[in-house]
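Asks: Structure provided below as structure tokens; questions to follow.
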Amino acid sequence: MTSFYVTTPIYYVNDVPHLGHIFTTTAADTLARYRRLKGDAVYFLTGTDEHGQNIERAAKKEGVAPIELADRVVSRYFELRDRLGFSNDDFIRTTQERHHKGVQEIIRRLEDAGDLYAARHEGWYCSPCETFYTEKELGPDKTCPVHGTPVEWKSEENVFFRLSKYQQRLLDWYDSDQEPVRPASRRNEVRSFVESGLRDLSVSRANLEWGIPFPGYPGQTVYVWLDALTNYISALGFGTGDGPLYKKFWQEGDVRLNLIGKDILRHHAVYWPAFLMSAGLPLPTTVFAHGWWNRDGKKMSKSTGNIVRPDDLIDRFGADPVRYFLLREMVFGQDASYSDEAFIERYNADLANTLGNTVSRVVTLSRGAFGGKTPPVPCDDNPVLEAARRLVPEYRTAMDELAFSRALEALWKLLNEASQYLVTREPWKVVKEEGPTEKLSRILWNGLEAVRIVATGLLPFMPKIAPQILAAIGVAKVPASLTAMEWGGTPNSVELPEPSPIFPRIDKKEYLGAAKAPEPATKPARSEKPVIAIDKFFETELKVGTIQTAERVPKSEKLIKMSVDVGEETPRQIVAGIGLAYQPEELVGKQVAVVANLQPAKLMGIESQGMVLAASIDGKPVLLHPDKQVPAGTQVK
Ligand code: MSP
């Protein structure tokens, strides 16, 4: 059995948690849950970093003892753990005795290795980073390269660690086959930092009361990063008998994964492995640095003042949609932007529409046709099965590579295949024309089966709602293994509860309400929507279509129903609100740009299988045409 140890950074207690903090824990939790389903022995750790000058100052400002401040913030982390369903096995606090023992032990080992010495330390110091910078690294007017705030000149007697001695071993480690620092862009970044030369590192502070006294160096306190990094092993029992957890998950562990944000890459990919090398301990197998959540183009942080409090979102939308959004919207490893609009759009499109509607559609039809039960006959030969055989491995590979958004995409592809299948098989017609036949049973069973597989794949992401979806389709027992993603698990002829909306649609206008900016009177400087990565744009499949027939939808002024050739076996039926601007006759033969992978929708009861693109002048559409005639189905990009 593979042993899998995953950690988050331990969070400072001088601020209550924001969306950026809960993001790493959500990712770690999702991974831990996935690995448990995979059958691994999992240990998942998170915690708080409670020592150092910043905490001391923050507490002083509030007129409380540092430990009081820490206790208060820790209780916020506990509340969020409960609300978001984090399944961490332990929560380490650096003020705990067990942690102090671990720190003392690692220092003993660094000393034994001859890697510690006392010397005068002078340099530019950023207190929020608790880090010294060289003149070269500073921003304009002697500011911190991370925070942009002024640095201070510090000169004191410190204990130093011989970091320079580990330069070559670190470079060899980065280049080793297991590729321990990920993604590759981060590895290159840290590699060139180390290649440019390492200076020894000061690992103590004088005149700092709030911390662990440095063993053997009276008057010195352990540098907060040496203190904090040791949490990953002190929590397992290193320094307090090196017990079974330490042995299983660190000393002999198969996967030792430190998940971090890119802001603390240097600490985790240079200092941490060097300390471990010096102490003669195993290194992490992977340090994975994800990107930042930005808002209005800047990293979300307390000092910038652009943070989002998770509680507000959870109160309004529920914990699982927040978890889903965070992992779907960010390509793990790259930056992402948060906006309320992006949240609502994703919620409505993915959860309310695609997932919620598919569930309620198949459940309602099955209940109606089969006396409140699941269909009596299963099916194992159809296009949905084909899709599941292709997409479940895609999901698993993505999860193994920590590509959370890709894993979710694979599940949504399966949902889309299933809903396309239902559109083609028209069970709503079959039931009317033929009654509850075996044919109908097979069709609906396939729909339920796709939902069951998707909901199983969602268990790590939405630990509260995924079991509810399973219950809604008649699967009472929550699967304990990923093998449940194999085809065939939907039970026949079991009671289906009355469906209730799982993801009620959010009215965007109502939610954004007053917050929405008025229409600009002048030209905007740039796009008003958040910048997106190119791959996000390419999620939309755009094709050139040739309009073959067009007619007005009865009783509608605006709607025109067209059949549009987009280079597929059969033309698409597309309904568009262009009737005030165009006559049907003038449309036939014209070429238009079509959104080809849009979820089908009904307009006045007529199914539309795509959308034609038009410029919109005060709501009046002007269709877009290619510059020259091109074959129907030509890709637009
Ligand atoms: N205490 C140190 C870490 C010590 S680990 C041995 C620390 N704490 S922190 O409270 O500042 O949290 C940093 C971590 O929070 C980041 O590495 C990242 O995991 C998460 N994030 C904080 N803000 C973030 C964003 N805006 N976006 C994404 N993650 C962010 O540094």
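Asks: Considering only residues that are of a type in the set (A, V, I, L, M) and surrounded by fewer than 21 Cβ atoms within 10 Å (Cβ to Cβ), look in region 370-386 and name the one that is nearest to the chain's Cα centre (by Cα).
Replies: Residue satisfying both the conditions and the ranking: Leu385.
Asks: Report the residue count in region 272-293 for those that are assigned to a strand (DSSP E or B) and either more than 7 Å from the ligand (Cβ to nearest atom) or among the aromatic types (Phe, Trp, Tyr) (or both).
Replies: 5
Asks: Let me ask something else about it. Step by step: first the residues of region 591-629, then only those that are β-branched (Val, Ile, Thr) and farther than 29 Å from Asn416 by Cα, then the one that is most open to solvent (accessible area, probe 1.4 Å). Which residue is that?
Replies: Here the residue is Ile617.
Asks: Which count do you get for residues in region 294-318 that are within 11 Å of the ligand (Cβ to nearest atom) and touching a Phe, Trp or Tyr at 6+ places or on another chain (Cβ under 8 Å)?
Replies: The qualifying residues number 5.
Asks: Related question: Considering only residues of region 221-252 that are touching a strand residue (DSSP E or B) at 6+ places or on another chain (Cβ under 6 Å), outside any helix (DSSP H, G or I) and of a type outside the set (A, V, I, L, M), which is nearest to Asp90 (Cα to Cα)?
Replies: Tyr223
Asks: Let me ask you something else. Here's a check for you: in region 224-237, which residue that is farther than 13 Å from Thr7 by Cβ and within 16 Å of the ligand (Cβ to nearest atom) is most open to solvent (accessible area, probe 1.4 Å)?
Replies: Result: Trp225.
Asks: Six or more apart or on different chains, Cβ under 8 Å: which pairs go from a residue in region 253-271 that's away from the ligand (no atom under 11 Å from the Cβ) and assigned to a helix (DSSP H, G or I) to one that's open to solvent by 20 Å² or more (accessible area, probe 1.4 Å) and among the aromatic types (Phe, Trp, Tyr)? Could you list them?
Replies: As it stands, the answer is Arg266/Phe193; Val270/Phe193, since those pairs meet every condition given.
Asks: Are any of the residues in region 211-223 closer than 30 Å to Gly333 by Cα, within 16 Å of the ligand (Cβ to nearest atom) and among the aliphatic types (A, V, I, L, M)?
Replies: Within region 211-223, not a single residue is closer than 30 Å to Gly333 by Cα, within 16 Å of the ligand (Cβ to nearest atom) and among the aliphatic types (A, V, I, L, M).
Asks: Sticking with this one: Go through region 76-105 and give me each residue that's of a type in the set (A, V, I, L, M), assigned to a helix (DSSP H, G or I) and in contact with a Gly (Cβ under 9 Å, 6 or more places away or on another chain).
Replies: Correct list: Val103 only.
Asks: Is it true that Glu56 is touching a helix residue (DSSP H, G or I) at 6+ places or on another chain (Cβ under 8 Å), among the charged types (D, E, K, R) and free of Cβ contacts under 8 Å to residues at least 12 places away in the same chain?
Replies: no
Asks: Sort out which residues of region 1-36 are open to solvent by 20 Å² or more (accessible area, probe 1.4 Å), away from the ligand (no atom under 15 Å from the Cβ) and hydrophobic (A, V, I, L, M, F, W, C), and write them in order of number.
Replies: Met1
Asks: Is it the case that some residue within region 37-51 is more than 14 Å from the ligand (Cβ to nearest atom) and more than 28 Å from Pro273 (Cβ to Cβ)?
Replies: Yes, region 37-51 contains at least one residue that is more than 14 Å from the ligand (Cβ to nearest atom) and more than 28 Å from Pro273 (Cβ to Cβ).
Asks: A further question follows. Among Asn54, Asn88, which is under 25 Å from Tyr246 (Cα atoms), open to solvent by 10 Å² or more (accessible area, probe 1.4 Å) and within 16 Å of the ligand (Cβ to nearest atom)?
Replies: Result of the check over Asn54, Asn88: Asn88.
The values are calculated or read from the model by the stated rules, or taken from the named source; none is laboratory data. Fair warning: this is a prediction, and the values are worked out from it, not measured in the lab. For neighbour counting, all protein chains shown are included, and Cβ atoms are generated from backbone atoms with ideal geometry for every residue, glycine included. SASA here: full protein model, heavy atoms, side chains in, ligands and nucleic acids out. Shrake-Rupley method; radii C 1.70, N 1.55, O 1.52, S 1.80 Å.
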